[in-house]
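Beneath this line is the structure, given in C-alpha coordinates, with notes to follow.
The values are calculated or read from the model by the stated rules, or taken from the named source; none is laboratory data. In this text the structure is predicted, and so the values were computed from the model without any measurement. So basically every Cβ, Gly included, is an ideal-geometry build from the backbone, and we count neighbours across all protein chains shown. Areas reflect the complete protein model, heavy atoms only, side chains present, ligands, DNA and RNA absent. Shrake-Rupley method; radii C 1.70, N 1.55, O 1.52, S 1.80 Å.
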Amino acid sequence: MTPFSEIIHKDTFTRDDIIRMLTCTGDEINELFARSAKVKEENVGNVVYFRGLIEFSNICSKNCYYCGIRKGNRHVKRYNISDDEIIEAARFAYENDFGSVVLQGGELESEAYTARIENLLHRIKEISDDKLGVTLSVGEQSPEVYKRWFAAGAHRYLLRIESSDQQLYYKIHPTEKKHRFERRIKALHDLREAGYQVGTGVMIGLPFQTAENLADDLLFMKNLDIDMCGMGPYIEHHETPLYQYKDLLLPLEERFVLSLKMIAILRLLMKNINIAASTALQAIDPFGREKALQLGANIIMPNITPGIYRDDYNLYENKPKITQNAEDYKRFLEERIAQIGNVVGYNKWGDSLHFKERSGGEAG
Ligand code: 5AD
Ligand code: SF4
(Lines give C-alpha, C1' and ligand atoms only; values in the text may rest on other atoms or scores of the structure.)
(Ligands and ions follow the chains in the order given, each with its own letter.)
Protein backbone atom coordinates (compact mmCIF):
# COMPACT_ATOMS: atom_id res chain seq x y z
CA MET A 1 0.00 0.00 0.00
CA THR A 2 1.34 3.46 -0.89
CA PRO A 3 2.23 5.40 2.25
CA PHE A 4 -0.07 8.32 3.00
CA SER A 5 2.74 10.88 2.82
CA GLU A 6 3.41 9.72 -0.73
CA ILE A 7 -0.21 9.95 -1.80
CA ILE A 8 -0.61 13.55 -0.70
CA HIS A 9 2.47 14.54 -2.73
CA LYS A 10 1.19 13.05 -5.96
CA ASP A 11 0.35 15.20 -8.95
CA THR A 12 -2.55 13.16 -10.24
CA PHE A 13 -4.90 11.26 -8.00
CA THR A 14 -6.89 8.09 -8.54
CA ARG A 15 -10.37 7.61 -7.09
CA ASP A 16 -8.80 5.31 -4.50
CA ASP A 17 -6.25 7.95 -3.51
CA ILE A 18 -9.08 10.41 -2.96
CA ILE A 19 -11.08 7.96 -0.88
CA ARG A 20 -7.95 7.25 1.15
CA MET A 21 -7.52 10.97 1.84
CA LEU A 22 -11.22 11.45 2.66
CA THR A 23 -11.11 8.67 5.21
CA CYS A 24 -7.75 9.48 6.78
CA THR A 25 -7.54 9.79 10.57
CA GLY A 26 -5.34 11.16 13.36
CA ASP A 27 -2.01 12.66 12.30
CA GLU A 28 -2.73 11.96 8.66
CA ILE A 29 -5.39 14.68 8.77
CA ASN A 30 -2.78 17.23 9.87
CA GLU A 31 -0.42 15.99 7.17
CA LEU A 32 -3.10 16.43 4.53
CA PHE A 33 -3.97 19.94 5.74
CA ALA A 34 -0.30 20.99 5.88
CA ARG A 35 0.18 19.77 2.31
CA SER A 36 -2.93 21.55 0.97
CA ALA A 37 -1.93 24.76 2.79
CA LYS A 38 1.42 24.62 1.03
CA VAL A 39 -0.16 23.97 -2.36
CA LYS A 40 -2.49 26.92 -1.78
CA GLU A 41 0.38 29.23 -0.83
CA GLU A 42 2.45 28.18 -3.85
CA ASN A 43 -0.36 28.54 -6.36
CA VAL A 44 -2.76 31.26 -5.26
CA GLY A 45 -0.67 32.90 -2.53
CA ASN A 46 -2.01 34.18 0.78
CA VAL A 47 -4.50 36.70 -0.61
CA VAL A 48 -8.14 36.27 0.35
CA TYR A 49 -10.75 37.96 -1.82
CA PHE A 50 -14.03 39.35 -0.52
CA ARG A 51 -17.29 38.87 -2.38
CA GLY A 52 -20.09 40.96 -0.91
CA LEU A 53 -23.02 38.56 -0.72
CA ILE A 54 -26.47 40.05 -1.37
CA GLU A 55 -29.24 37.53 -0.65
CA PHE A 56 -31.81 39.61 -2.47
CA SER A 57 -34.83 37.31 -2.26
CA ASN A 58 -35.83 34.10 -0.54
CA ILE A 59 -38.74 33.48 -2.89
CA CYS A 60 -38.08 30.19 -4.68
CA SER A 61 -40.03 28.05 -7.11
CA LYS A 62 -38.17 24.87 -6.16
CA ASN A 63 -38.60 22.32 -3.47
CA CYS A 64 -35.16 20.89 -2.70
CA TYR A 65 -35.64 18.49 0.22
CA TYR A 66 -32.78 19.95 2.28
CA CYS A 67 -33.44 23.66 2.02
CA GLY A 68 -35.19 25.81 4.60
CA ILE A 69 -36.51 28.32 2.05
CA ARG A 70 -38.01 25.68 -0.27
CA LYS A 71 -41.31 26.64 -1.82
CA GLY A 72 -43.24 24.18 0.33
CA ASN A 73 -42.10 25.70 3.64
CA ARG A 74 -45.03 27.87 4.73
CA HIS A 75 -43.29 29.12 7.84
CA VAL A 76 -40.83 31.29 5.95
CA LYS A 77 -41.36 35.03 5.87
CA ARG A 78 -40.77 35.74 2.19
CA TYR A 79 -38.99 38.89 1.09
CA ASN A 80 -37.79 40.49 -2.08
CA ILE A 81 -35.37 43.39 -1.64
CA SER A 82 -36.12 46.44 -3.77
CA ASP A 83 -33.81 47.25 -6.65
CA ASP A 84 -32.72 50.45 -4.94
CA GLU A 85 -31.74 48.58 -1.79
CA ILE A 86 -29.74 46.08 -3.85
CA ILE A 87 -27.93 48.94 -5.55
CA GLU A 88 -27.22 50.51 -2.16
CA ALA A 89 -25.67 47.24 -0.96
CA ALA A 90 -23.56 47.08 -4.13
CA ARG A 91 -22.51 50.68 -3.55
CA PHE A 92 -21.41 49.74 -0.03
CA ALA A 93 -19.28 46.93 -1.48
CA TYR A 94 -17.77 49.26 -4.05
CA GLU A 95 -17.02 52.04 -1.56
CA ASN A 96 -15.45 49.53 0.82
CA ASP A 97 -13.12 48.18 -1.87
CA PHE A 98 -14.69 44.72 -2.00
CA GLY A 99 -14.00 44.34 -5.71
CA SER A 100 -17.05 42.22 -6.40
CA VAL A 101 -20.50 41.18 -5.24
CA VAL A 102 -22.60 38.03 -5.50
CA LEU A 103 -26.30 38.33 -6.25
CA GLN A 104 -27.96 35.29 -4.76
CA GLY A 105 -31.64 34.46 -4.67
CA GLY A 106 -34.20 31.69 -4.85
CA GLU A 107 -34.69 30.13 -8.25
CA LEU A 108 -37.26 31.82 -10.50
CA GLU A 109 -37.65 31.79 -14.26
CA SER A 110 -39.60 34.43 -16.17
CA GLU A 111 -39.01 37.24 -18.61
CA ALA A 112 -39.73 39.79 -15.86
CA TYR A 113 -37.10 38.16 -13.65
CA THR A 114 -34.53 38.01 -16.46
CA ALA A 115 -35.11 41.68 -17.25
CA ARG A 116 -34.87 42.63 -13.59
CA ILE A 117 -31.47 41.00 -13.16
CA GLU A 118 -30.33 42.49 -16.45
CA ASN A 119 -31.30 45.95 -15.29
CA LEU A 120 -29.60 45.43 -11.92
CA LEU A 121 -26.41 44.40 -13.66
CA HIS A 122 -26.45 47.56 -15.76
CA ARG A 123 -27.07 49.70 -12.69
CA ILE A 124 -24.29 48.06 -10.64
CA LYS A 125 -21.83 48.66 -13.48
CA GLU A 126 -23.04 52.25 -13.72
CA ILE A 127 -22.61 53.15 -10.05
CA SER A 128 -19.19 51.53 -9.88
CA ASP A 129 -17.69 53.09 -12.96
CA ASP A 130 -17.72 49.60 -14.51
CA LYS A 131 -15.39 48.36 -11.79
CA LEU A 132 -17.41 46.12 -9.47
CA GLY A 133 -17.39 42.48 -10.54
CA VAL A 134 -20.69 40.62 -10.33
CA THR A 135 -21.20 36.92 -9.70
CA LEU A 136 -24.70 35.51 -10.13
CA SER A 137 -26.14 32.65 -8.11
CA VAL A 138 -29.72 32.39 -9.29
CA GLY A 139 -30.03 28.83 -10.46
CA GLU A 140 -30.93 27.04 -13.64
CA GLN A 141 -31.90 29.22 -16.58
CA SER A 142 -31.99 28.85 -20.35
CA PRO A 143 -28.78 29.37 -22.38
CA GLU A 144 -30.32 32.58 -23.79
CA VAL A 145 -30.84 34.00 -20.31
CA TYR A 146 -27.28 33.16 -19.31
CA LYS A 147 -26.06 34.95 -22.44
CA ARG A 148 -28.17 38.05 -21.75
CA TRP A 149 -26.84 38.37 -18.22
CA PHE A 150 -23.28 37.86 -19.39
CA ALA A 151 -23.77 40.62 -21.97
CA ALA A 152 -25.15 42.84 -19.19
CA GLY A 153 -21.93 42.46 -17.20
CA ALA A 154 -22.07 39.34 -15.02
CA HIS A 155 -18.86 37.37 -15.38
CA ARG A 156 -19.02 34.60 -12.80
CA TYR A 157 -21.79 32.16 -11.98
CA LEU A 158 -22.26 29.77 -9.08
CA LEU A 159 -24.44 26.72 -9.53
CA ARG A 160 -23.84 23.90 -7.12
CA ILE A 161 -24.46 20.42 -8.44
CA GLU A 162 -25.28 19.54 -4.79
CA SER A 163 -24.38 15.90 -5.55
CA SER A 164 -22.88 14.57 -8.76
CA ASP A 165 -24.38 11.13 -8.12
CA GLN A 166 -27.71 10.94 -9.90
CA GLN A 167 -29.18 8.51 -7.39
CA LEU A 168 -28.24 10.64 -4.43
CA TYR A 169 -29.38 13.76 -6.30
CA TYR A 170 -32.87 12.30 -6.51
CA LYS A 171 -32.84 11.38 -2.84
CA ILE A 172 -32.42 15.04 -1.98
CA HIS A 173 -34.62 16.52 -4.72
CA PRO A 174 -38.15 15.69 -5.90
CA THR A 175 -38.22 13.44 -8.96
CA GLU A 176 -40.09 15.75 -11.27
CA LYS A 177 -39.61 18.20 -14.13
CA LYS A 178 -38.39 21.16 -12.11
CA HIS A 179 -35.55 19.26 -10.48
CA ARG A 180 -33.93 17.32 -13.29
CA PHE A 181 -30.35 16.24 -12.78
CA GLU A 182 -29.62 16.38 -16.53
CA ARG A 183 -30.76 19.98 -16.72
CA ARG A 184 -28.45 20.98 -13.91
CA ILE A 185 -25.50 19.37 -15.66
CA LYS A 186 -26.49 21.03 -18.92
CA ALA A 187 -26.76 24.40 -17.18
CA LEU A 188 -23.15 24.11 -16.04
CA HIS A 189 -22.07 23.52 -19.64
CA ASP A 190 -24.29 26.34 -20.94
CA LEU A 191 -22.72 28.74 -18.44
CA ARG A 192 -19.27 27.89 -19.59
CA GLU A 193 -20.26 28.29 -23.20
CA ALA A 194 -21.74 31.71 -22.43
CA GLY A 195 -18.28 32.79 -21.22
CA TYR A 196 -18.65 32.77 -17.45
CA GLN A 197 -16.14 31.63 -14.88
CA VAL A 198 -18.12 28.72 -13.57
CA GLY A 199 -18.38 27.62 -9.97
CA THR A 200 -20.04 24.57 -8.56
CA GLY A 201 -20.03 22.61 -5.33
CA VAL A 202 -21.74 20.02 -3.19
CA MET A 203 -23.11 19.56 0.29
CA ILE A 204 -20.99 17.37 2.52
CA GLY A 205 -22.39 14.93 5.07
CA LEU A 206 -25.77 14.40 3.41
CA PRO A 207 -27.82 11.41 4.50
CA PHE A 208 -26.98 8.37 2.31
CA GLN A 209 -23.76 10.03 1.06
CA THR A 210 -20.63 7.84 1.04
CA ALA A 211 -16.90 8.59 0.77
CA GLU A 212 -17.15 7.14 -2.76
CA ASN A 213 -19.83 9.72 -3.61
CA LEU A 214 -17.63 12.55 -2.34
CA ALA A 215 -14.60 11.25 -4.26
CA ASP A 216 -16.77 11.21 -7.39
CA ASP A 217 -17.92 14.76 -6.63
CA LEU A 218 -14.31 15.92 -6.60
CA LEU A 219 -13.57 14.07 -9.83
CA PHE A 220 -16.71 15.59 -11.35
CA MET A 221 -15.36 19.07 -10.58
CA LYS A 222 -11.99 18.16 -12.01
CA ASN A 223 -13.53 16.74 -15.19
CA LEU A 224 -15.77 19.75 -15.62
CA ASP A 225 -12.62 21.86 -15.26
CA ILE A 226 -14.40 24.32 -12.98
CA ASP A 227 -12.96 27.73 -12.13
CA MET A 228 -14.47 28.09 -8.69
CA CYS A 229 -15.96 25.98 -5.94
CA GLY A 230 -18.20 26.65 -2.98
CA MET A 231 -18.99 23.66 -0.82
CA GLY A 232 -19.80 23.10 2.79
CA PRO A 233 -21.41 20.84 5.34
CA TYR A 234 -25.04 19.87 5.06
CA ILE A 235 -26.89 21.17 8.09
CA GLU A 236 -30.34 19.79 8.73
CA HIS A 237 -33.38 22.09 8.90
CA HIS A 238 -36.38 20.76 10.83
CA GLU A 239 -38.92 22.23 8.40
CA THR A 240 -37.64 20.16 5.47
CA PRO A 241 -38.38 16.61 4.26
CA LEU A 242 -34.75 15.51 4.62
CA TYR A 243 -34.97 16.13 8.36
CA GLN A 244 -36.58 12.72 8.80
CA TYR A 245 -33.16 11.16 8.16
CA LYS A 246 -31.36 13.17 10.83
CA ASP A 247 -30.43 9.99 12.70
CA LEU A 248 -28.39 8.83 9.72
CA LEU A 249 -26.14 11.89 9.81
CA LEU A 250 -22.57 12.09 10.99
CA PRO A 251 -22.13 14.24 14.10
CA LEU A 252 -21.69 17.93 13.16
CA GLU A 253 -18.03 17.91 14.17
CA GLU A 254 -17.33 15.03 11.76
CA ARG A 255 -19.24 16.73 8.95
CA PHE A 256 -17.07 19.75 9.62
CA VAL A 257 -13.77 17.84 9.38
CA LEU A 258 -15.00 16.04 6.28
CA SER A 259 -15.79 19.41 4.69
CA LEU A 260 -12.29 20.65 5.46
CA LYS A 261 -10.86 17.47 3.94
CA MET A 262 -12.92 18.05 0.79
CA ILE A 263 -11.49 21.58 0.49
CA ALA A 264 -7.95 20.35 1.11
CA ILE A 265 -8.23 17.55 -1.47
CA LEU A 266 -9.80 19.82 -4.06
CA ARG A 267 -6.88 22.21 -3.61
CA LEU A 268 -4.51 19.30 -4.36
CA LEU A 269 -6.56 18.30 -7.40
CA MET A 270 -7.12 21.79 -8.81
CA LYS A 271 -4.26 23.94 -7.63
CA ASN A 272 -5.21 27.33 -9.05
CA ILE A 273 -9.00 27.54 -8.81
CA ASN A 274 -10.89 29.80 -6.40
CA ILE A 275 -12.33 27.96 -3.42
CA ALA A 276 -14.76 29.64 -1.06
CA ALA A 277 -14.80 29.20 2.70
CA SER A 278 -18.54 28.66 3.04
CA THR A 279 -20.69 30.24 5.72
CA ALA A 280 -22.08 26.82 6.67
CA LEU A 281 -18.62 25.96 8.08
CA GLN A 282 -19.02 28.83 10.48
CA ALA A 283 -22.42 27.54 11.57
CA ILE A 284 -20.57 24.58 13.11
CA ASP A 285 -17.33 26.19 14.29
CA PRO A 286 -16.90 29.92 15.02
CA PHE A 287 -13.51 29.74 13.28
CA GLY A 288 -14.75 27.45 10.52
CA ARG A 289 -14.14 29.78 7.62
CA GLU A 290 -10.68 30.79 8.85
CA LYS A 291 -9.71 27.14 9.19
CA ALA A 292 -10.80 26.56 5.60
CA LEU A 293 -8.80 29.58 4.43
CA GLN A 294 -5.77 28.32 6.27
CA LEU A 295 -5.73 24.98 4.51
CA GLY A 296 -6.85 25.74 1.00
CA ALA A 297 -9.74 28.16 0.45
CA ASN A 298 -9.04 31.70 -0.81
CA ILE A 299 -12.46 33.36 -1.03
CA ILE A 300 -14.83 34.64 1.63
CA MET A 301 -18.31 35.97 1.07
CA PRO A 302 -19.24 38.52 3.73
CA ASN A 303 -23.00 38.94 3.89
CA ILE A 304 -23.92 42.51 2.99
CA THR A 305 -27.66 41.87 2.69
CA PRO A 306 -29.47 44.75 4.43
CA GLY A 307 -29.98 43.80 8.10
CA ILE A 308 -33.76 43.72 8.10
CA TYR A 309 -33.83 40.85 5.60
CA ARG A 310 -30.79 38.91 6.65
CA ASP A 311 -32.50 36.71 9.20
CA ASP A 312 -34.99 35.28 6.72
CA TYR A 313 -32.55 33.62 4.33
CA ASN A 314 -32.34 30.46 6.39
CA LEU A 315 -31.25 27.68 4.09
CA TYR A 316 -30.24 25.73 7.20
CA GLU A 317 -30.60 26.16 10.94
CA ASN A 318 -28.16 28.11 13.12
CA LYS A 319 -27.07 30.17 10.13
CA PRO A 320 -24.65 32.62 11.71
CA LYS A 321 -26.23 35.99 12.44
CA ILE A 322 -24.14 39.06 11.99
CA THR A 323 -24.68 41.50 14.80
CA GLN A 324 -22.09 44.11 13.86
CA ASN A 325 -22.75 46.78 11.25
CA ALA A 326 -21.16 46.21 7.86
CA GLU A 327 -18.08 48.38 8.52
CA ASP A 328 -17.31 46.73 11.86
CA TYR A 329 -17.84 43.34 10.31
CA LYS A 330 -15.36 44.14 7.56
CA ARG A 331 -12.74 45.14 10.12
CA PHE A 332 -13.46 42.05 12.19
CA LEU A 333 -12.92 39.77 9.16
CA GLU A 334 -9.78 41.62 8.18
CA GLU A 335 -8.33 40.94 11.63
CA ARG A 336 -9.27 37.28 11.56
CA ILE A 337 -7.66 36.91 8.13
CA ALA A 338 -4.49 38.62 9.37
CA GLN A 339 -4.39 36.20 12.31
CA ILE A 340 -3.97 33.28 9.93
CA GLY A 341 -1.24 35.07 7.99
CA ASN A 342 -3.37 36.00 5.00
CA VAL A 343 -4.21 39.43 3.58
CA VAL A 344 -7.37 40.76 1.94
CA GLY A 345 -7.12 41.52 -1.77
CA TYR A 346 -9.05 44.77 -1.89
CA ASN A 347 -10.29 46.41 -5.07
CA LYS A 348 -9.66 43.39 -7.24
CA TRP A 349 -12.06 41.05 -8.92
CA GLY A 350 -9.87 38.22 -7.72
CA ASP A 351 -10.68 36.12 -10.73
CA SER A 352 -9.81 32.47 -10.82
CA LEU A 353 -6.22 32.01 -12.01
CA HIS A 354 -7.45 28.81 -13.52
CA PHE A 355 -9.86 30.75 -15.70
CA LYS A 356 -7.09 33.08 -16.74
CA GLU A 357 -4.97 30.13 -17.73
CA ARG A 358 -7.65 28.29 -19.67
CA SER A 359 -8.87 31.39 -21.49
CA GLY A 360 -5.38 32.74 -22.15
CA GLY A 361 -6.74 36.15 -21.13
CA GLU A 362 -6.30 38.63 -18.33
CA ALA A 363 -7.90 38.05 -14.99
CA GLY A 364 -8.56 41.16 -12.88
N1 5AD B 1 -27.34 22.79 4.55
C2 5AD B 1 -26.25 23.26 3.91
N3 5AD B 1 -26.30 23.91 2.73
C4 5AD B 1 -27.51 24.13 2.20
N5 5AD B 1 -27.88 24.74 1.07
C6 5AD B 1 -29.21 24.70 0.97
N7 5AD B 1 -29.73 24.07 2.02
C8 5AD B 1 -28.69 23.68 2.82
C9 5AD B 1 -28.58 23.00 4.04
N10 5AD B 1 -29.65 22.54 4.68
C11 5AD B 1 -26.91 25.23 0.08
C12 5AD B 1 -27.11 24.55 -1.26
C13 5AD B 1 -27.39 25.71 -2.21
C14 5AD B 1 -26.76 26.87 -1.49
C15 5AD B 1 -27.28 28.19 -1.89
O16 5AD B 1 -27.05 26.60 -0.13
O17 5AD B 1 -25.93 23.88 -1.62
O18 5AD B 1 -26.82 25.53 -3.48
FE1 SF4 C 1 -34.59 27.07 -3.87
FE2 SF4 C 1 -31.90 26.96 -3.89
FE3 SF4 C 1 -33.30 26.32 -1.68
FE4 SF4 C 1 -33.37 24.68 -3.79
S5 SF4 C 1 -31.53 25.20 -2.55
S6 SF4 C 1 -35.14 25.35 -2.59
S7 SF4 C 1 -33.31 26.16 -5.49
S8 SF4 C 1 -33.18 28.35 -2.65
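Some observations on this one:
- Take every pair of alpha-carbon atoms less than 8 Å apart whose residues are at least six positions apart; their mean separation over the length of segment 46-116 yields a relative contact order of 47 percent.
- Gained length - TYR245 relative to ASN347, 0.36 nm times residue gap less alpha-carbon distance: 32.3 nm
- For the chain, CYS24, CYS60, CYS229 stand unpaired, since no other cysteine beta carbon lies under 4.7 Å from theirs.
- Overall, the chain carries a charge dipole of about 480 debye about its Cα centre when +1 sits on the Cβ of Lys and Arg and -1 on the Cβ of Asp and Glu, all other atoms neutral.
- Accessible surface comparison of LEU32, LEU315, probe 1.4 Å, protein chains only, largest first: the order is LEU315, LEU32.
- Three-way shape label, segment 109-161, alpha-carbon gyration tensor, a/c 1.5: oblate
- Heavy atoms of ASP84: accessible area, 1.4 Å probe, square angstrom to 10: 90
- Structure-based [θ]222 nm, the chain - -39500 (n - 2.57) summed over DSSP H runs of at least 4, per residue, nearest 500: -13500 deg cm²/dmol
- Cα gyration tensor shape of segment 241-364, rounded if a/c is under 1.5, else prolate or oblate by comparing a/b with b/c: oblate
- As a fraction of the 1.4 Å probe accessible area of the chain, surface on carbon and sulfur atoms comes out at 50 percent.
- Heavy atoms of the protein chains alone define the surface here; on that basis the chain has 42 Å² accessible area per residue at 1.4 Å probe size.
- Per-residue extension of 0.36 nm, minus the Cα-Cα distance of ASP328 and ASN46, leaves a gain of 99.3 nm for this segment.
- Helical segments meeting 27 Å axial Cα length and Kyte-Doolittle 1.0 threshold in the chain (DSSP H): none
- Prolate/oblate/rounded call for segment 3-105, Cα gyration tensor, a/c under 1.5 rounded: oblate
- Neighbourhood charge, 10 Å Cβ-Cβ cut-off, centred on PRO306 and excluding it, Lys, Arg +1 and Asp, Glu -1: -2
- Dividing the mean sequence gap of close Cα pairs (under 8 Å, 6+ apart) by how many residues the chain holds gives a relative contact order of 25 percent.
- Segment 217-332, relative contact order in percent, only Cα pairs under 8 angstrom and at least six apart counted: 28
- Summarising the label geometry, the points placed 7 Å from Cα in the beta-carbon direction at GLU253 and LYS356 lie 4.1 nm from one another.
- A straight line joining the Cα centroids of segment 116-143 and segment 301-364 runs 17 Å.
- For the peptides 230-240, 138-148, the ranking by packing is 230-240, 138-148, with the highest mean count of neighbouring Cβ atoms within 10 Å listed first.
- Cα centroid separation, segment 46-63 to segment 235-282: 17 Å.
- The 1.4 Å probe gives accessible areas that order SER61, SER128, largest first, as SER61, SER128.
- Magnitude of the charge dipole for segment 263-356, about its Cα centre and with charges confined to Cβ atoms of Lys, Arg (+1) and Asp, Glu (-1), is about 360 debye.
- Length gained when the stretch LYS38-ASN119 is fully extended (0.36 nm per residue, less Cα-Cα span): 24.9 nm
- When each of the peptides 205-217, 35-47 is scored by how many other beta carbons lie within 10 Å of its residues on average, the order from highest to lowest is 205-217, 35-47.
- Extreme residue, positive dipole direction of the chain, given options TYR313, ILE265, LEU252 (C-beta unit charges): TYR313
- Peptides 176-183, 161-168 ranked from most to least packed give 161-168, 176-183, packing being the mean of other C-beta atoms within 10 angstrom over each peptide's residues.
- Here segment 1-33 is scanned for amide nitrogen atoms under 17 Å from the site 7 Å beyond the Cα of GLU212 along Cα-to-Cβ, giving 14-23.
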